[in-house]
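Q: Next up is a structure, given as structure tokens.
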């Protein structure tokens, strides 16, 4: 794994890059630009930056109106607000009309910089994947953020939710990496068990695979950068090959990645399964490391879940 | 715009009454729907679609067209009747209102109906996309204007005021809001034995405080409405709202100012009486 880079930095840089490629790309900010890094656009391409103030419902509607007239708006706010504060607006004027609005949820999951339950977002995947017409993308690293943003502008013409994180994260993809909406990525081959992750948790799945290798097990690591449309075939193939599946997400266990995997395998190829994620609880404000340990989201938690499945099948 | 002669106004008034009649026929046929709000908006819709808006029914998606958003989406049958009169789709299609697979949904769906510029129906949401369209016109150097009709009931939603704040801050003089100020909502603040409270009090003061140019008019006086829209067009640096005083159920005596006709279906006899009052009995005869 290479150097660390924050997803939000890639987000800000890529917005400027996209505007230079397509002047109709615009950014709407809910007064968080210096956190989300949408402020790169405010300072470098001010004509394409629209401050909307602390009023997310209106912001979503404004984006919808812009999209009908040929602009390609990115909504920039925290995931917690994008998924809840303006959800009826998403439903009525973005998702149902199928408008090309790209909703970016910054500071997703529980690692939000000591802000706690108000600013943590652990239901957004469930919420957005339940919305018809919506594409849902959850990148692992800064490289994938950039690739995904290009794809969301160029390759679809409907609404999308892009789930981003705050703090620097290891870079696992190189510049040649090809992101494809709706395609899973095998990060490591293996036979004994499949670790299926989304977002940064896919990187922790790789580390969990290292821990399992030390214990003599070979773990397949499957990264799901797109939650919707969901690459069902890749999930079924991983389950067929290994016979055991662990999922990992910085998100509630209800209806997120684990839920999506369980839905697919339940109907197509049931195998023993464990889900690693938030146990139907609200978070709290604390340093990231403490949160990750307390809420059991670290690589060793993923490896322990895997061991339980492996041990029960011996 | 054509000259505003007496004859022209009478022509538009006749269209508005045809729209009213078609609203009642459609709702009667569907056995469901809203009538009070559509009737209060009918005069302004006729004026917009037959006199004010720069549109082409043959090209509903023409990029340069003026935009109209019916934020009070439950009044959509009046908009459908207006669009049908204007030639966006066949008049007969109005009888599919609310039926399975119909393009004419109970609340506006921009993906289904030609001429609908924005889906709506969850109240308080229409002004924001209007702000987005106006900002897009400015950004893309397009001359089109955006009109949004809001209700007084939905003005209780906070999002209306979020949009009002942002529109004024961006000085969107290419945006015109129209408040259909009919003074009633579905149920409202009922006080037995007394007149109920209006959905919103003193809208002029509120919108002025938000930085909008405000013009108060009689929303059933088509000439006054058209002149007010002209004044809005000539206003620079701020958005304009036309505060249109209207009567819910306008044109049918037993429906006027009666909140129970917010959504209600006329009986055969009531429909016949209403069409007679509107001078549109022949539309009913044409159906038989």
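Readers should treat all values here as calculations from the given coordinates under stated rules, not as data from a laboratory. Please read these numbers as outputs of a predicted model, since none were measured by experiment. Cβ sites come from the backbone with ideal geometry, for glycine too, and all protein chains shown count toward neighbours.
Q: As I understand it, the value is the acute angle between the Cα axis of helix A:7-21 and the longest principal axis of the Cα atoms of chain A; what does it come to in degrees, rounded to 10?
A: For A:7-21 against chain A, the angle is about 50 degrees.
Q: Please work out whether segment B:151-239 counts as rounded, prolate or oblate from its C-alpha gyration tensor, where a ≥ b ≥ c are the square roots of the eigenvalues and a/c under 1.5 means rounded, while otherwise a/b larger than b/c means prolate and anything else oblate?
A: The shape class here is oblate.
Q: What is the distance in Å between the Cα centres of segment A:64-139 and segment B:176-217?
A: Each part's Cα centre sits 33 Å from the other's.
Q: Among A:150, A:223, B:74, which comes first, second and so on when ranked by fewest other beta-carbon atoms within 10 Å?
A: Result, fewest neighbours first: A:150, B:74, A:223.
Q: Just want to confirm a number: the relative contact order over segment B:1-100, from Cα pairs under 8 angstrom separated by 6+ residues, in percent.
A: 34
Q: For segment A:185-312, just run the numbers: alpha carbon Rg, then divide by 2.2 N^0.38 Å, N being how many residues it has.
A: Working: Rg = 13.5 Å, N = 128, 2.2 N^0.38 = 13.9 Å.
Normalised by 2.2 N^0.38 Å, the Cα Rg of segment A:185-312 equals 0.97.
Q: Moving to a separate point now. With springs only between Cα atoms under 10 Å, which of B:105, B:186, B:13 fluctuates most in a Gaussian network model of chain B?
A: Greatest mean-square fluctuation among the candidates belongs to B:186.
Q: Once the Cα atoms of segment A:4-170 are picked out, what are the Rg and Dmax in Å?
A: 14.0, 40
Q: When only Cα pairs under 8 Å and 6 or more residues apart are kept, what is the percent relative contact order across chain A?
A: 17
Q: Continuing with the same structure: Relative to the longest principal axis of the C-alpha atoms of chain A, give the angle of the C-alpha long axis of helix A:201-214, reported between 0 and 90° and rounded to the nearest 10°.
A: Approximately 20 degrees, to the nearest ten.
Q: Ranking B:226, A:156, B:69, A:236 by Cβ neighbours within 10 Å, fewest first, what do you get?
A: A:156, A:236, B:226, B:69
Q: Given a 10 angstrom Cα cut-off, can you work out which residue in A:222, A:257, A:241 is the most mobile in a GNM of chain A?
A: Evaluated over chain A, the most mobile residue of the options is A:241.
Q: Counting only C-alpha contacts under 8 Å and six or more residues apart, can you give the relative contact order of segment A:4-170 as a whole percent? Can you show the working numbers first?
A: Values: 358 pairs, mean separation 46.9, N = 167.
That works out to 28 percent.
Q: Compute the angle between helix B:222-233 and the longest alpha-carbon principal axis of chain B, please, reported from 0 to 90 degrees and rounded to the nearest 10.
A: Value to nearest ten degrees: 20.
Q: Sort A:14, A:198, A:171, A:226 so the one with the fewest other Cβ atoms within 10 Å of its own Cβ comes first.
A: A:171, A:14, A:226, A:198
Q: Provide the FRET efficiency to the nearest 0.05 for the residue B:142-residue A:218 pair, computing r from the beta carbons and using R0 = 45 Å. The partial results should precede the final answer.
A: On the way: r = 59 Å, r/R0 = 1.32.
The computed FRET efficiency comes out at 0.15.
Q: Please report the orientation-averaged projected area of segment B:6-287, defined via the convex hull of its C-alpha atoms, in nm². Each step should come with its number before you reach the end.
A: Working: hull surface 57.2 nm².
Reported value for the Cα convex hull: 14.3 nm².
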